[in-house]
Every structure is written in C-alpha cells, then in structure tokens.
Amino acid sequence: MIKSPSSTQLTLLPQPHRTEVSNVPRSLKSATEGVVQAKAARTQTTRQSLWYCLYLPQLASLSELEQRHCLDQLAQLSQQFSSAISLHPQALVFEIRSGLNYFGGAQSLHAQYQSDVEGRLASLGLAPQFNYAACPTVEGSLLLARGGGNTLVYRKENLHSALGQLPIETLGLKAEPQRRLLNMGIRRLGDLWRLPPAGLRRRFGSDFLGLINKALGKAPEPIKNYLPPPAFVHSYDLPYEVENTGLLRPVVDEMIAQLCDFLRHRELCASSLTLSLVHERRAATTLDIGLRQASRSQQHLMLLVDTHFDNLQIPAPVISLRLEATQFDAFISHSESLLTGTESPSEHTAPSRHRQAGKADDSSASLAQFMERLQARLGSEQVQGLESVEEHCPEYASAPRPPGRYEASPLSSPSPAHGSGNADATSNPRPLWLLDDPVKLTLRRGGLYHRQAISLLNGPERIESRWWSGSEVSRDYYVAREAGGSRLWIYRERSGERHWYLHGYFA
C-alpha cells in the first residue's frame, strides 16, 4: 500500500517560521508582506504536480511492439484519472495532484487504479504485478518505482532522502558508467549528493547530471504527453423509415462533413471507412469504402458513397446510419511551385521540374480516384494490382496484389534479376499481359504465324531456371511484331522439339 505522509519514514523539514515585521514604515511592511506572499504563491505553484508512476518489470521479456501495445492499453485506462500521461520504457507516468480531492486522496485513487490495472494485465495475458510510486518529479517517480519501494513523497524537499536510499542500478546506466561508479565506491544515489556537480559532469557527461537534477526537481522536465489513437464513430437515427437511398444522401453528406472537420482539426486523412445502414429486423447493410489514396475531401468521399449507392439494393427500410473511420493516415499537403506564375522565357520551351512534378502528382491522384470509383462499382475483388517477385521464370515473376492504395507498379521498371546474364533492364523488356497458357505458333515456309505473320525485332534473351523443381525452364525469348502492329513476347524451346510459343502482349 502507499504510505501516507504521516507514516512515511522520510524526514520532514520543519515549517518555515513566520516573521513579523515591526518598527518599519507601513509602506515597507506592506511591500515586504507582498514579497513573502509572492514567494509563497510560487512555492505553492511548484508543488502542484504529483506524478504517479506505474512500472512493469515483466515487459522486459516482450518485444518492443508488444510493449507499446500493452502501454497503450494502460494509458487509455489511465485517462479516467489524468489527462497528463507520458510513456517510458516498461513504465507510464501520469499527474494525480489535480485529481486527489475528486478521488478522495492518494490511497483511494491507488485502490481504484490498482484493480483496473490488474484486470487489464490479466486480459493481456501478463502477470498482474507492478511497482508504483509518486513524487513531485517524473524522473524521481520512475526511480522510486524501479527501486520497488512503493512510496509516496509529497514534498520536493524530501526527494534527497527518499531517492538517496535507492541502489545505483535504478538509474539504468550502461555497463561502463555503472562499473566506474562502483569502482568509485558509489553504491546508492545518496553517495552522489556528496560529489561536486562539475566533477560528475566531467566524468559522466551532462546527460547524467541532467538526469540527477531532473529527479531532484532542480532542472525542468519536458513532458511528451500521450495522445490516444484517433477514433471517429458517428450515428444518426432517422425520424422515419427510408426505403430510397437517394433520401439518405443528405444525411450521409452531413456525416461526411463532420468526419472531414474531425480530420482537419487533427491533421489526418482517412483511408478506410465503413458505412452501416441499420434495419429494423435484419442485419445491417455494410458498405466498406476503401481509398487507394488517403483523403479528407468531402466531395471525394461523397463521390465514392454515391458510386456505392448506385449499385445498392437494400433488403429492408433503413432506420439509422452509422459511419466509422477504420484507418487514418497523416495528412501531407502538396504545394504549388513558387515560380508558377512568373516563368522566364526559357521556361516556356522547357517545362521546369516543379511543373513536371506537379503534373505527375495530379496524374497519380486522378488515377487513384479513378481506381477507387472502379473498385466501388465492380467490387474490391475485381480490381487487383500486380507486384514483382524475385523469380527468373516469367510465370512466377509477378503476383496479384490485394486491393489497396494506388502505387506505381514495380513492373513499370523491370529489374535485371528477371532475366539472365548482365543485360540492362531496358534491353530486356517485360510485358504486363502474360498469357496463362502460352499459345503454340505456326511455322510456315520458314515464317512464324499467329493470326498474322510475325517478324522478330530483337533477342534472344535466354532464361534458364527452376531446374531444382522438376519442371526446368530453358527458353530463348524474343520481342516480335505482328503484321497488324501488335508487339508480342515469344520464345523458343531450347530442348525437345524446340517449338515457338506466344507468351505475352506489350501494351
């Protein structure tokens, strides 16, 4: 249990005596009283903070990602006790002085928090044990919690005696500085109080001295407050049942407007939304609105909603709507070139790099929005991308990519690894359209035919691979042109009957 101020073994300093100013002019007396009151106000202000630290030594066995997940869960739990929360390795710290009267004192606050933390740790599959401490500084509470004392220090003046009993290992130093301290005979933090600060700074650096001063309240402590992950869920109950999706559009438009305001205030974008149409006695109709490029434009989001509504058949009247943003991204703005409107004469003939970059961004955004609308109209499973695979054999050198944000395909600039030899990537082009089963070509009077006569343009490119799989590939590939103008990718077998096959088409 937390020790109360009356039962703590720490030595409390006596209260300062009040000095009566007499035999002085009234103006000087009032000025002196004003100085004393100002000092008392400043002292009271410095004592306003009381930082409660929760230290979890069992997190040391978890990965960094698992530790972060656990601390995030506990930080969300701590929000009911404080709004000033910071995360540290294997620990979290939050301010409790401002809420002591509301929760009935430190003992009552700790009792409520302890039961909540033990339940949350059990749900995460962790041992429900932890160390805790509270004092006027963040670093001091961390040191006290690591020491396992489970103590409460109200006044900053008592930090010297409270921290001085802790072993030097609670500082969490690296092996070399800790060995040097032990060689100097330093076993507890109290031994450091007797050493000159200049000598500590010279031997161990300013960071070490800064840590000591922060723990004792002699140096300011910049606090990085914990920010909970963003969440947006908005529901609207309709005044009557609606069977026409066109009548739902104004309501959805208003919900999208509130979402965009939420995103703008937090400098975020949404890349995935879920719109649920709730019915009276049926399961809700859910629309998953995925964006290939995160956005916070109301017009853009409503365009996707309208596309979904065009093909939607609702099984029953709608009684309420629910909009949820399921994935957020940081907002990244695009700026126009500073010299957009003041081009020099030479720039009229050769576009600048800024203009080219702006055109590329606009083209990418337009293509991404087109793909989003196509995906909304045809379905997510009908619109797929391609990604390259490190494989020499063309049949296995690409794979479908699940629907997601639009990115430039790696296949647009083929890698030399897809071919054999040391040829440059530009001399070994790859078509995006590969046939599932290569088509055998006809050989007539020494010429190749498919639907029309075929002439070779360049090649061969030899590919030999998969000898370890039992289905060895040994081919000579050529780029060819059909009489109608189509560019083909054909190959000839290097073993057996050495037939010719059509394997793909270039765009």
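What follows draws every value from the coordinates through simple rules; no lab data is involved. The shown structure was predicted, so the numbers you read here are calculated from the model rather than taken from an experiment. All Cβ positions, even for glycine, are placed from backbone atoms using ideal geometry, and neighbour counts span all protein chains on display.
Between TYR236 and TYR505, what's the calculated FRET efficiency when r is the beta-carbon distance and R0 is 35 Å? Round to 0.05. With R0 = 35 Å, the Cβ-Cβ based efficiency is 0.10. Within region 192-267, the GluC sites (Glu not before Pro) that combine a DSSP coil assignment with at most 12 other C-beta atoms in a 10 angstrom radius are GLU243, GLU267. Would you please state the base-10 log of I(q)/I(0) at q = 0.16, 0.18 1/Å for region 51-216, with intensities from the Debye formula using one equal scatterer on every alpha carbon? Debye output, listed in q order: -0.95, -1.13. Between the alpha-carbon centres of region 186-265 and region 464-501 there is a gap of 59 Å. Think of region 51-216 as a dipole: +1 on every Lys or Arg Cβ, -1 on every Asp or Glu Cβ, centred on the Cα centre; then among GLY172, ALA91, TYR113, GLY172 lies furthest on the positive end. Among the trypsin sites (Lys or Arg not before Pro) in region 125-181, those placed in a DSSP loop whose Cβ has at most 11 other Cβ atoms within 10 Å are LYS174. At q = 0.12, 0.14 Å⁻¹, work out log10 I(q)/I(0) for region 429-507 with the Debye formula, treating every Cα as an identical point scatterer and leaving solvent out; two decimals please. Each listed q maps to, in turn, -0.33, -0.45.
Could you list the chymotrypsin sites (Phe, Trp or Tyr not before Pro) in region 425-470 that lie in coil according to DSSP, counting only those with at most 15 other Cβ atoms within 10 Å of their Cβ? It would help to have the intermediate numbers written out before the result.
On the way: sites: TRP433, TYR449, TRP467, TRP468; in loops: TRP467, TRP468.
When the chymotrypsin sites (Phe, Trp or Tyr not before Pro) of region 425-470 are filtered for loop state and at most 15 Cβ neighbours within 10 Å, TRP467, TRP468 remain.
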